[in-house]
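Written below as structure tokens is the structure these notes are about.
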Amino acid sequence: MILLAGALVPFRAPAQDDADRQWQQHREAFHGTWVLGMPQSRARSTVDAAIERAVGPMNMLIRGIARPMLRDNTPVNQTISLRFSDENRTITVVFDNRHRYTTPLNQTRRGRDFEGDELRITQRFRGDDLEQVFQADQGTRWNVYSLESDGRMTVTATTQGDMMPQPMRFTLPYRRR
């Protein structure tokens, strides 16, 4: 009779429990609206310095084309909103109330960037971090969201394209609103 009673109790696989726990931990850590944790001008300087490091090895002609393209395609977001929906386990990211992307965790979805070009978007957990991957024909951008011990969130953005001899990488701090 004991065996029969055990058969009636639903069994949850340990992997599912781990996935549930990981989802809840990341949801508690990142869900909400985050605002830039430094002056806009300093953040813009940080991004511009990363652009200069990335285009530095290019020849002068290509550098003159690449620099403004990278600058135009790398806005400094004043706010980043991360919304975790328990139903269907989706994550929505909204940059400055302009661009919104929603994907199920660990699944790639197609979308469009602010210029209308097609993107493949994936959001996943890597350890304690949330990673977003935006793939386009011209290159790939990774945003890695990390929670710091003081409660701030850092966003490390890396952009790599076929024409770039080295990736562009920078980190900006955000604080919870």
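When you look at residue 95, is it touching a helix residue (DSSP H, G or I) at 6+ places or on another chain (Cβ under 7 Å) and of a type in the set (Phe, Trp, Tyr), yes or no? The answer is no for residue 95. Of the strands (runs of 3 or more DSSP E) entirely within region 62-177, those holding at least 1 residues that are in contact with an Asp or Glu (Cβ under 9 Å, 6 or more places away or on another chain) occupy 79-85, 99-104, 108-112, 118-126, 129-136, 139-147, 153-161, 168-176. Just name the residue that is farthest from residue 123 (Cα to Cα) out of those in region 54-69 that are surrounded by 14 or more Cβ atoms within 10 Å (Cβ to Cβ) and not hydrophobic (A, V, I, L, M, F, W, C). In this case the residue turns out to be 63. Taking every residue in region 42-57 that is under 16 Å from residue 141 (Cα atoms) and pairing it with any residue that is among the aromatic types (Phe, Trp, Tyr), at least 6 positions away or on another chain, the pairs with Cβ-Cβ distances below 8 Å are 47/170; 50/170. Screening residue 102 on (1) surrounded by 16 or more Cβ atoms within 10 Å (Cβ to Cβ); (2) among the polar types (S, T, N, Q); (3) in contact with a helix residue (DSSP H, G or I) (Cβ under 7 Å, 6 or more places away or on another chain) shows it passes everything except condition (3).
To keep it simple, each residue is scored yes or no on (1) closer than 20 Å to residue 108 by Cβ; (2) touching a residue at least 40 places away in the same chain (Cβ under 8 Å).
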| position | (1), (2) |
| --- | --- |
| 123 | yes, no |
| 139 | yes, no |
| 142 | yes, no |
| 146 | no, no |
| 155 | no, yes |
| 161 | yes, no |
| 168 | no, yes |
| 176 | no, yes |
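Checking each residue in region 109-137 for being under 24 Å from residue 70 (Cβ atoms) and loosely packed, with under 14 Cβ neighbours inside 10 Å picks out 110, 112, 114, 115, 116, 117, 118, 137.
Every read-out reported here was derived from the displayed coordinates using simple, explicitly stated rules and does not represent laboratory data. All values derive from a computational prediction rather than experimental measurement. As a convention, Cβ positions derive from the backbone with ideal geometry for all residues, glycine included, and neighbour counts pool all protein chains shown.
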